[in-house]
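The values are calculated or read from the model by the stated rules, or taken from the named source; none is laboratory data. What you see is a predicted model; the values in this text were computed from it and never measured. Ideal geometry is used to build each Cβ from the backbone, glycine not excepted, and the neighbour counts take in all protein chains shown. The protein model used for the area step is the full one, side chains on, heavy atoms only, and it has no ligands, DNA or RNA in it. Shrake-Rupley method; radii C 1.70, N 1.55, O 1.52, S 1.80 Å.
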Amino acid sequence: MERLQKVIAHAGFASRRKAEQLIIDGQVKVNGKVVKELGIKVTSADKVEVNGIPVEREEPVYFLFYKPRGVISSVKDDKDRKVVTDFLPEIKQRVYPVGRLDYDTTGVLLLTNDGEFANLLMHPKNEIEKVYVAKIKGIPSREKVRSLEKGIRLEDGKTAPAKAKVISIDKKKQTSIIELTIHEGKNRQVRRMFEAIGHPVMKLKRERYGFLTLQGLGVGDMRELTPHEVKQLRALATAT
């Protein structure tokens with residue numbers, strides 16, 4: 001479900017703030033009834049009208065994007081930095097990222113205009129696995145690797161149990177490559193987990209989201225998800 005003002009704004013009728021005013025002023029109907037409450041949420045099955053004009057919703061689209069380093073996981077940036085939608089100039093729909101990868105992190109990022117789908121995937125109770133590969137400073141002890149798996153206490157709470165695997169170590173350069181599998185989405189979670197055990201991240205890449213990988217994609221490339229993949233993601237989210 002999505003907030004009514006977001007649906008109106010997303011359809012191009014007005015900005016989010018203006019859409020809220022339209023609702024307050026009684027100019028919006030849902031299923032034939034005037035709605036003046038800002039908190040109301042609607043589904044794709046609801047009929048929304050603004051001043052008698054039906055709000056036509058875009059055909060839902062779903063993309064897998066190989067996010068490069070130095071790109072913001074947003075549709076706009078007040079500092080005029082590159083954003084993910086800069087790589088999708090031919091896409092007419094108003095897509096946005098499902099979750100985010102921070103500025104310096106590369107890898108799998110999903111984009112869609114389907115709010116219900118995005119909310120389903122991002123809901124904390126839907127434990128979709130995300131696999132990261134991190135190059136870190138130093139060589140962590142077995143105890144530290146196990147602490148990643150048990151959960152790290154961060155300022156916003158303890159992380160859930162994870163899977164950690166040492167891929168390689170370089171004793172000469174004093175660096176390690178660790179694969180970490182999590183199913184949460186705390187802000188900068190992977191970087192903060194490694195910082196907490198005293199091994200800051202030098203490079204970070206999300207290799208997999210659920211069953212989706214970067215196979216066949218170069219940095220900055222994207223492809224449309226197949227209907228079967230979208231169906232699989234929904235099933236994966238609702239099964240957890």
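Some points to look at:
- Some residue of the stretch 166-185 being modelled with pLDDT under 95, out of contact with any strand residue (DSSP E or B) (no Cβ under 6 Å at 6 or more places or on another chain) and within 23 Å of Arg69 (Cβ to Cβ): yes
- Qualifying residue in the stretch 123-133 (condition: open to solvent by 50 Å² or more (accessible area, probe 1.4 Å), free of Cβ contacts under 8 Å to residues at least 12 places away in the same chain and either touching a strand residue (DSSP E or B) at 6+ places or on another chain (Cβ under 9 Å) or under 21 Å from Ala196 (Cα atoms) (or both)): no
- Selected residue [surrounded by fewer than 15 Cβ atoms within 10 Å (Cβ to Cβ) and farther than 22 Å from Ala19 by Cα] from Lys150, Lys92: Lys150
- Selected residue (criterion: most open to solvent (accessible area, probe 1.4 Å)) from residues of the stretch 69-89 that are assigned to a loop (DSSP other than H, G, I, E, B) and of a type in the set (A, V, I, L, M, F, W, C): Val75
- Among residues of the stretch 208-232 that are touching a residue at least 24 places away in the same chain (Cβ under 8 Å), those with a beta-carbon under 8 Å from a residue that is open to solvent by 30 Å² or more (accessible area, probe 1.4 Å) and of a type in the set (Gly, Ala, Ser) at least six positions away or on a different chain give the pairs Arg223/Gly216.
- Failed condition for Tyr66, given (1) part of a loop (DSSP other than H, G, I, E, B); (2) in contact with a Gly (Cβ under 7 Å, 6 or more places away or on another chain): (1)
- Exactly one residue among Lys165, Lys92 is without any contact (Cβ under 8 Å) to a residue 60 or more places away in the chain, in a loop (DSSP other than H, G, I, E, B) and of a type in the set (Lys, Arg), and that residue is Lys92.
- Some residue of the stretch 10-33 being open to solvent by 80 Å² or more (accessible area, probe 1.4 Å), more than 17 Å from the chain's Cα centre (by Cα) and in contact (Cβ under 8 Å) with a residue 24 or more places away in the chain: no
- Among the residues of the stretch 38-61, the ones that are under 27 Å from Val98 (Cβ atoms) and assigned to a loop (DSSP other than H, G, I, E, B) come to 15 in all.
- Within the stretch 23-33, being closer than 17 Å to Glu2 by Cα and assigned to a helix (DSSP H, G or I) holds for one residue alone: Ile23.
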